[in-house]
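The values are calculated or read from the model by the stated rules, or taken from the named source; none is laboratory data. Quantities reported herein were computed from a predicted structural model and do not represent experimental measurements. Cβ atoms come from the backbone with ideal geometry, glycine included; neighbour counts cover every protein chain shown. Heads up: the accessible areas ignore ligands, DNA and RNA and are worked out on the full protein's heavy atoms, side chains in. Shrake-Rupley method; radii C 1.70, N 1.55, O 1.52, S 1.80 Å.
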Amino acid sequence: FALLYMRMDQEYMGTQCALDQVSKQPYTFGGYFAFALETCTTVGYTLPSGSNALFQNCYVLQILFYIQMVWSMLYNTIVTTFFYA
């Protein structure tokens, strides 16, 4: 998912849908990986640099969040099932 966030951010850099609203520069891969990991492990956080992209009609970002969170829940369910089966 880090690569998807990187691609999306490069496409929307300089708009209200970019993840970095302050410096207008793309993050390194490590930054996108950390953001994807945070999205996978928690719900209820702010976007980097205080961006409000989730609430400003940024449908690509909203859909990407949704897909990652559903995938994370399904993956956790499968792993837990195999562990206890």
Q.
Can you pull out every residue in region 24-52 that is farther than 16 Å from GLY14 by Cβ, aromatic (Phe, Trp, Tyr) and modelled with pLDDT of 70 or more?
A. PHE29, TYR32, PHE33, PHE35
Q) Is there a residue in region 53-66 that is open to solvent by 60 Å² or more (accessible area, probe 1.4 Å), outside any helix (DSSP H, G or I), under 30 Å from THR77 (Cβ atoms) and at pLDDT 85 or above? A) no
